[in-house]
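Here is the structure we will look at, set down as structure tokens.
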Amino acid sequence: MISKELPSHFLSHTWLLFIVSCFVLMTSGCSGLKNAAEEKPIWTMERPNTPTHYIGISWVSKVEFPYTAKEVARENALNALAQEIRVKVSSTSLMSTLQVNDWVDKSFTESIESTVVEDLEGYNLIDEYENKEEVYVYYSLSKSAYARILENRKQATLGVAYGHYLDASRKHSEGEISVAVERYLIGLDYMSGYLGELNPYKGEDGVIFDLDRALFNGLSDCISQLEISSTEDVSDISITLENAYTGEHSVKVTSNGKVAGGVSLNYTYNRGTIPARGSTVTSGNGQAIILMNGFDPGTTRSELIIDVNLATFKSILSSTSPLAPLVNGLKSTPLRIPITLESPKVKVVGDELMFGIKKDKNIFIAALRAAMSEQGVDIVEESYPGSDALTLRVYADTQEGGAGAGFYTAYFNATLELLDTDQKLVMARDFERIKGVQLDTSRAGDEAYRKAISKIKGRFIESFIKALYE
């Protein structure tokens with residue numbers, strides 16, 4: 001191998017480069033240590049005093065969040081920024097009116113005063129500081145810039161609400177009350193985030209007015225102007241046996257003299273034990289028919305109450321709307337109509353026999369009359385001249401059942417037939433072999449009659465009266 005010696009000047013350059021590289025490395029290492037040892041920025045220890053800006057500062061430990069410390073710190077700083085922004089509810093706002101009547105959720109009243117991160121816009125990341133143990137983040141938002149952003153948002157929202165107001169006003173004037181109420185509510189719901197503020201708005205005619213109050217007043221007027229009335233010239237509703245104790249009544253709904261179609265109505269009436277409830281909707285001519293039936297036997301008086309079903313309007317509100325209590329608080333004037341149920345008229349005819357011989361007194365028939373009268377049946381004499389009375393035909397007799405050990409047995413048998421006003425059979429019932437035992441035949445017959453009378457006051461009279469109302 002041939003060996004060749006390098007020139008001396010080449011070695012000197014090499015050593016010079018080596019020495020310079022080491023110096024640079026040492027210098028940069030010292031610089032890194034110096035940066036690490038730098039003091040924290042003043043804003044991490046002392047909150048900046050900036051009256052013209054909202055500030056959000058957050059600190060997060062890397063021990064607690066080893067992989068997401070910076071992300072968590074930024075999120076917390078934005079939350080802190082949002083919490084600085086508080087909206088003051090005006091004492092003269094519509095919100096204050098609704099609060100007095102408990103027509104808004106208290107939680108909404110509280111939430112409307114605060115700001116959430118999703119509402120923030122126009123903020124700046126001022127600085128971040130990080131070392132081995134912790135991360136600091138500093139956000140700032142100009143108050144004047146944010147005020148302009150909020151005002152632009154508000155005007156855009158009020159513009160949409162104003163469109164609903166115009167639609168509602170037109171429908172209101174045309175008598176389409178249900179649609180008008182919906183539009184007024186939608187308008188209020190759309191601008192619900194601003195109900196704690198004053199909301200002047202310039203309309204198409206150039207006139208400035210309070211938009212939220214105009215929506216609310218229009219809604220209230222729609223409800224107060226609704227009038228429910230009977231289409232029939234009667235002071236009360238008469239329900240009779242002739243119609244099997246069923247009835248119907250027609251009502252109409254108007255607003256300022258115009259028929260109001262599509263209005264949902266609730267109605268209720270007392271059937272006796274359990275109230276009956278239902279709902280209906282007015283047709284295009286503003287009318288609705290309400291059916292009544294199922295009255296408990298013996299019921300003679302009731303009342304039909306009809307009201308506008310305002311709860312149906314809650315379905316048009318957004319799921320997060322605070323205005324549901326407002327809808328619940330709205331009231332219309334109900335229509336009340338007395339109901340008179342005619343007592344069924346019944347005449348009881350027939351004979352009572354004792355072992356085939358007519359008895360002097362009809363004690364079984366008398367007991368039937370008394371039991372029916374207690375249940376509200378109007379008992380009429382056989383000579384009743386009207387054609388609206390039912391007839392209860394009774395045939396009763398006893399038969400001997402034999403004797404033994406000094407005791408005698410008799411059996412009571414009876415047939416009862418209920419006939420309608422046309423003398424067609426409505427119901428028939430037999431009493432068969434009701435046993436009486438006594439020391440002689442005559443007393444056994446009397447005992448059988450006594451037991452039959454006791455059975456009248458049980459299930460028989462209940463089923464008999466029920467048949468009258470079916």
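Structure notes:
- Part-to-part distance (alpha-carbon centres) for segment 365-430 and segment 173-249, which is given in Å: 58
- Legend: distances between Cα atoms for Lys345/Lys457; Lys358/Lys424; Lys258/Lys331; pairs beyond 25 Å are Lys358/Lys424.
- DSSP-loop GluC sites (Glu not before Pro) across segment 131-224, with at most 13 other Cβ within 10 angstrom: Glu133, Glu174, Glu204
- Working from Cα pairs under 8 Å separated by at least six residues, relative contact order for the chain is 10 percent.
- Membrane-span-like helices of the chain, defined as complete DSSP H segments with a Cα extent of 20 Å or more along the helix axis and a mean Kyte hydropathy of at least 0.0, are identified as 8-36, 211-225.
- Computed from backbone phi, the HN-Hα couplings of segment 301-312 come to 9, 7, 8, 9, 10, 10, 9, 6, 8, 6, 4, 5 Hz, rounded to whole numbers (Karplus: 6.51 cos²θ - 1.76 cosθ + 1.60, θ = phi - 60°; Gly and Pro given as x).
- Distance in nm between pseudo-label sites at Asp233 and Ser442 (7 Å out along the Cβ direction from Cα): 6.7
- Chain lengthening between Glu46 and Glu118 when straightened (0.36 nm per residue, less Cα-Cα): 23.2 nm
- Taking amide hydrogens as placed 1.01 Å from N in the peptide plane, the amide H of Tyr395 sits under 5 Å from those of Thr415, each at least 5 positions away in sequence or on another chain.
- Normalised contact order of segment 345-468, rounded percent, pairs of Cα under 8 Å and 6 or more residues apart: 24
- Longest to shortest principal axis, alpha-carbon extents of segment 208-345, angstrom: 69, 32, 20
- With helices as the sole contributors, the chain gives -11000 deg cm²/dmol at 222 nm; each DSSP H run of n ≥ 4 counts as -39500 (n - 2.57), and the sum is divided by every residue.
- Ser315/Ile149 FRET efficiency (R0 30 Å; Cβ-Cβ; nearest 0.05): 0.35
- Cross-link partners for Lys40 among the lysines, with Cα-Cα distance under 24 Å and sequence neighbours closer than 8 places in the same chain left out: Lys62, Lys70, Lys132.
- Among [x] 93, 36, 17; [y] 102, 28, 19; [z] 35, 27, 22, the entry that matches semi-axes √(5λ) of the Cα gyration tensor in Å as calculated here: [x]
- The residues Val259, Val253, Val349, when put in order of fewest to most other Cβ atoms within 10 Å, stand as Val349, Val259, Val253.
- Under-5 Å amide H pairs with Leu304, H placed in peptide plane, nonlocal only: Ile337, Ile339
- Pairwise FRET efficiency - Ser61 versus Glu39, Cβ, R0 = 22 Å, nearest 0.05: 0.70
- Short-range pairs are left out: with C-alpha atoms under 8 Å and at least six residues apart, the relative contact order of segment 407-470 is 32 percent.
- HN-Hα J in Hz across segment 415-427 - Karplus 6.51, -1.76, 1.60, θ = phi - 60°, x for Gly and Pro: 10, 10, 10, 9, 10, 7, 5, 9, 6, 9, 5, 9, 7
- Taking the fewest neighbouring Cβ atoms within 10 Å as the starting point, the ordered list for Asp397, Asp388 is Asp388, Asp397.
- Between segment 266-297 and segment 126-171, the alpha-carbon center distance in angstrom: 51
- Put in order of Cβ neighbour count within 10 Å, fewest first, the listed residues Tyr245, Tyr395 become Tyr395, Tyr245.
- Distances between placed amide hydrogens fall under 5 Å for Asp296 paired with Gly272, Thr273, all partners being 5 or more residues away or on another chain.
- DSSP-loop trypsin sites (Lys or Arg not before Pro) across segment 401-470, with at most 16 other Cβ within 10 angstrom: Lys424
- Distant alpha-carbon pairs in segment 356-418 (separation over 20 angstrom), percent: 44
Just so you know, all these numbers are worked out from the coordinates, no wet-lab data involved. The structure displayed is predicted, hence computed values, not measured ones. Methodologically, a virtual Cβ is constructed for each residue, glycine included, from the backbone with ideal geometry; neighbour enumeration extends over all protein chains shown.
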